[in-house]
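Student: My questions all concern the structure below.
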Amino acid sequence: MKKLTVSLSGGRSYDITISRGLLSRCGEEVKKVFSGREAAVVTDSNVGPLYAKTVLDSLRGAGFSVKSISFPAGEPSKNMDTLVQLYDGLLTPHPFPMTRSGLIVALGGGVTGDMAGFAAATLFRGVPYVQIPTTLLAQVDSSVGGKVAVDLKQGKNLAGAFYQPLAVLIDPDTLDTLPDRVFFDGMAEVVKYGFIGDRALLELLEGCAGRAELSARTEEIIYRSCGQKRRVVEADEQDTGGRMVLNFGHTLGHAYEKLGNYSRYMHGEAVACGMAAILRMGEAHGLTAPGTAERAKRLLSRFGLPTRAEAVSPAALRETLAYDKKGSGGELTAVFCKEAGEAFLKKMPKAEFAAWAEELS
């Protein structure tokens with residue numbers, strides 16, 4: 001078992017626990033951080049059939065009354081309509097209606113964590129929740145840090161909140177049931193951590209030939225990734241300064257997702273394209289050491305991740321960037337790398353950033 005503590009201002013803190021077989025013991029772990037008696041498990045149509053029974057049985061065994069709410073899996077479900085359906089399920093009186101003294105358990109990938117977390121942040125102006133991420137992307141990134149959100153038609157994650165969980169419970173065994181595409185989609189976020197600040201992690205990844213070798217070192221990979229995100233979040237919980245470095249590859253990645261109608265690219269695939277593009281952009285403008293983009297391309301390609309998004313029109317790209325959350329007015333904060341393992345922030349006009357992006361096509 002590995003454990004990290006996220007320590008925030010005002011004495012707030014929570015643990016990230018990483019242990020194989022943790023799903024079957026999650027009830028006892030939840031009991032350590034939550035004194036209530038009712039827990040609602042929110043999951044999706046993919047994860048529910050695999051793991052909901054294990055979690056519900058464990059919660060019952062620890063003395064909780066439980067209920068389960070499921071929604072259709074996938075990014076297209078991450079919207080206000082699905083959120084209203086979650087509210088309805090949580091408030092349904094059978095077997096009990098959710099109250100402020102209840103608990104929401106997010107069981108699934110990044111979409112589930114975001115949806116359940118946002119429901120927890122907004123229902124009754126806030127009910128406690130626990131994250132149990134089941135995909136690599138959610139385990140290393142989206143479950144940690146308290147960002148919860150839904151997508152709007154104008155862009156990704158535009159309606160959201162900062163709302164920290166009581167705990168994050170990570171069972172690496174859940175990764176065994178992931179299709180290769182979903183597993184490697186999560187590796188994009190792991191690669192991100194390497195490029196923004198962990199050269200040793202990059203070298204570890206470069207030494208693994210495929211999924212079997214990565215799986216043998218999964219706990220270390222998750223621990224290092226979560227450790228780096230913890231460090232950044234502790235220094236800037238509200239994403240007003242240094243935390244923006246976690247956006248490496250995401251400014252363009254979110255644009256690629258939206259312009260692909262959230263169906264052409266998975267999140268990690270879009271971020272992989274975004275990272276490769278920003279590194280090429282940085283090299284072209286003297287901000288990034290030569291060869292850095294090629295190093296990223298080799299590593300991402302090894303994991304079957306794309307490094308060039310399909311061409312998008314300049315007008316569509318500019319419109320999408322207009323809603324980027326990491327900026328204000330006509331500016332955005334872009335994340336570049338000086339070299340592998342060293343990222344920095346650069347404020348620049350959105351029009352200039354879009355023009356640089358257009359040069360790459």
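Student: Residue by residue through region 277-305, note down the ones that are under 25 Å from ALA212 (Cα atoms) and either of a type in the set (A, V, I, L, M, F, W, C) or surrounded by fewer than 18 Cβ atoms within 10 Å (Cβ to Cβ) (or both).
Tutor: Hits for region 277-305 are GLU294, ARG295, ALA296, ARG298, LEU299, LEU300, SER301, ARG302, PHE303, GLY304, LEU305.
Student: So CYS208 fits all but one of (1) in the same structural domain as ARG100 (by TED's automatic domain parsing); (2) in a loop (DSSP other than H, G, I, E, B); (3) surrounded by fewer than 24 Cβ atoms within 10 Å (Cβ to Cβ); what number is the exception?
Tutor: The failed condition is (1).
Student: Sticking with this one: Enumerate the pairs (first residue in region 348-361 and farther than 10 Å from MET281 by Cβ; second residue anywhere and modelled with pLDDT of 90 or more and assigned to a helix (DSSP H, G or I)) with beta-carbon separation below 7 Å, excluding pairs fewer than 6 apart on the same chain, so at least 6 apart or on different chains.
Tutor: none
Student: May I pose another question? Pick out the one residue from ALA334, ALA311 that is exposed (fewer than 15 other Cβ atoms within 10 Å of the Cβ), small (Gly, Ala, Ser) and not in a helix (DSSP H, G or I).
Tutor: Criteria check complete, one pass: ALA311.
Student: Still on this structure, please answer the following. If you check PHE96, PHE124, which single one turns out to be surrounded by fewer than 21 Cβ atoms within 10 Å (Cβ to Cβ), assigned to a helix (DSSP H, G or I) and either in the same structural domain as GLU28 (by TED's automatic domain parsing) or of a type outside the set (A, V, I, L, M, F, W, C) (or both)?
Tutor: When all the criteria are applied, what remains is PHE124.
Student: Could you figure out which of (1) in contact with a Ser or Thr (Cβ under 7 Å, 6 or more places away or on another chain); (2) part of a helix (DSSP H, G or I) isn't true of LEU345?
Tutor: The one condition LEU345 does not meet is (2).
Student: Is it the case that LYS192 is more than 16 Å from the chain's Cα centre (by Cα), crowded, with 20+ Cβ neighbours inside 10 Å and either of a type in the set (D, E, K, R) or in the same structural domain as ALA276 (by TED's automatic domain parsing) (or both)?
Tutor: no
Student: Provide a single number: the residues in region 29-88 that are part of a strand (DSSP E or B), among the β-branched types (Val, Ile, Thr) and out of contact with any Lys or Arg (no Cβ under 8 Å at 6 or more places or on another chain).
Tutor: Residues flagged as part of a strand (DSSP E or B), among the β-branched types (Val, Ile, Thr) and out of contact with any Lys or Arg (no Cβ under 8 Å at 6 or more places or on another chain) within region 29-88 amount to 3.
Student: Anything in region 266-295 that is of a type in the set (S, T, N, Q) and not in a helix (DSSP H, G or I)? List them, or say none.
Tutor: If the condition is that a residue be of a type in the set (S, T, N, Q) and not in a helix (DSSP H, G or I), then THR288 is the only one that fits.
Student: Let me ask another. CYS226: at pLDDT 95 or above, of a type in the set (A, V, I, L, M, F, W, C) and either touching a His at 6+ places or on another chain (Cβ under 9 Å) or over 20 Å from GLY186 (Cα atoms) (or both), yes or no?
Tutor: Taking the combined requirement at face value, the residue does not satisfy it.
Student: Can you tell which of ALA138, ALA106, ALA121, ALA159 is closer than 19 Å to LYS31 by Cβ and out of contact with any Lys or Arg (no Cβ under 8 Å at 6 or more places or on another chain)?
Tutor: Going through ALA138, ALA106, ALA121, ALA159 in turn, just one is closer than 19 Å to LYS31 by Cβ and out of contact with any Lys or Arg (no Cβ under 8 Å at 6 or more places or on another chain): ALA106.
The values are calculated or read from the model by the stated rules, or taken from the named source; none is laboratory data. Predicted model only: the values in this text are computed from it and were never measured. Note: ideal-geometry Cβ built from the backbone for every residue, glycine included; neighbour counts use all protein chains shown.
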